[in-house]
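Report on the structure given below.
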Amino acid sequence: MISNIQGIHHITAIAGNAQRNYDFYTRVLGLRMVKRTVNFDDPGTYHFYYGNETGTPGTILTFFPWEGIASGRAGAGMATEIGYSVPADSLEFWAQRFRDNKIQQDPVAQRLGETYLSFRDPDGLKLDLIASKYPDGRQPWTTPQVDADAATKGFHSVTLTLKSIKPTASILTDILGYELREQEGNRYRYITPASPTASVVDLVEAPQEARGLSGGGTNHHVAFRVANEAVQMEFREKVLQKGLHITPKINRDYFFSLYFREPGGVLFELATDNPGFTVDEPLDQLGTHLKLPVQYEAMRADIEKSLPALNS
Ligand code: ZN
């Protein structure tokens, strides 16, 4: 199955204040910061990566924190929910933890046979903690406050909201190898059989929904996982054959990327497993130092001065 899409690689969203973002994801949610770098297209901005110990694809949530950015609005043509897989009996722990930390949350609910807890990060980004009905043996990153009985194991799913699901569904099934498995109301569940985890894409059909507006607290893109660059280039051909535009291969230092906008409006990326986050710092130090791509290393002093200070 190595030549297939192996689920979600990472999800990237937009935040405001960098420190607030860091504190929420590392302290409240208990993720590991696995890389502290800059936006390669805008080196005056951080790019934060959070994940499990090694930043395994399928666990990686990334942010561009743009201080003072206006809030966006989730809507049609966007990834609107990020689902994390958590242990079955952990939702009460999380609900209490969110109350203690004044995090906005909804009552625990049921959907497609799974219990879940929706909450908002400090920028208003919607996430769900889902007691997954699919076996999930991934080892979580743990902290003194969030142990293995509760810690997130990585992604369960991403939800895309669409005026019509059909064009997006055909990309998922015809190109990316996903299969329609379940439906509840206007939510259609697609799964790739090529991965046991991070394998779900839910499409929500909402014809009356206003189009989303990019900004703080919204998702920027969804990256799908490919084993290596050879597989990636095979998918590039398939996207081109569908008549869609797709970028050339771009080196993101920790993976190689291709980007294309699916017809429903969501920016998709295809990202490789190689080389991973230990390419420029050892495993035990991931995320502890500002790492820059080689093209910006000569500007390090200026970049460090322009970035907000981060207390970690
Ligand atoms: Zn990306």
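The values are calculated or read from the model by the stated rules, or taken from the named source; none is laboratory data. Since this is a predicted model, take the numbers as computed values, not measurements. Using ideal geometry, Cβ is built from the backbone for each residue, glycine included, and neighbour counts are taken over all protein chains shown. With ligands, DNA and RNA removed, areas are computed over all heavy atoms of the protein, side chains included. Shrake-Rupley method; radii C 1.70, N 1.55, O 1.52, S 1.80 Å.
Structure notes:
- If only the Cβ of Lys and Arg carry +1 and only the Cβ of Asp and Glu carry -1, the dipole of the stretch 1-60 around its Cα centre is close to 180 debye.
- Of the cross-linked pairs K126/K305; K166/K242; K153/K249; K249/K291, those separated by over 25 Å at the C-alpha level are K126/K305; K153/K249.
- Per-residue ³J(HN,Hα) for the stretch 174-187, Karplus 6.51 cos²θ - 1.76 cosθ + 1.60, θ = phi - 60°, Hz, x for Gly and Pro: 7, 9, 8, x, 7, 10, 6, 10, 8, 9, 9, x, 9, 9
- Report summary: the helix-based calculation at 222 nm, which adds -39500 (n - 2.57) for every DSSP H run with n ≥ 4 and divides by the residues of the chain, gives -3500 deg cm²/dmol.
- Annotation: amide H of S132 within the under-5 Å range of V86, sequence separation 5 or more or interchain, hydrogens built in the peptide plane.
- Hz values of 3J(HN,Hα) by residue in the stretch 281-290 - Karplus curve (6.51, -1.76, 1.60), Gly and Pro given as x: 7, x, 3, 6, 10, 3, x, 8, 10, 6
- Assigned charges on the beta-carbon of Lys, Arg, Asp, Glu; the stretch 26-138 dipole about Cα centre (debye): 120
- For the stretch 75-91, Karplus couplings with θ = phi - 60° (6.51, -1.76, 1.60), whole Hz, Gly/Pro x: x, 5, x, 9, 7, 10, 9, 10, x, 9, 7, 10, x, 4, 9, 9, 5
- Total charge dipole magnitude, the stretch 8-306, about the Cα centre, Cβ charges on Lys, Arg, Asp, Glu only, Debye to nearest 20: 480
- Listed residue (G77, P57, M33) projecting farthest to the positive dipole end of the stretch 25-97, Cβ model: M33
- In this structure, the amide hydrogen of T59, modeled 1.01 Å from its nitrogen in the peptide plane, lies closer than 5 angstrom to those of F155, counting only residues at least 5 positions away or on a different chain.
- Projecting the Cα positions of A88, V279, I14 onto the charge dipole of the stretch 8-306 (unit charges on Cβ atoms of Lys, Arg, Asp and Glu, taken about the Cα centre) puts I14 furthest along the positive direction.
- In plain terms, the C-alpha convex hull of the chain casts an average shadow of 15.1 nm² when viewed from every direction.
- Over the stretch 5-68, accessible surface divided per residue gives 23 Å², non-protein components excluded, 1.4 Å probe.
- Carbon and sulfur %, accessible surface of the chain computed with the full protein complex present, 1.4 Å: 51
- Distance (nanometres) between label positions extended 7 Å along Cα→Cβ at Q96 and L244: 4.4
- The stretch 166-312, accessible area per residue, ligands and nucleic acids excluded (1.4 Å, Å²): 47
- Between the listed residues S118, W141, N101, the Cα displaced farthest toward the positive end of the dipole of the stretch 99-161, a dipole computed from Cβ unit charges relative to the Cα centre, is found at S118.
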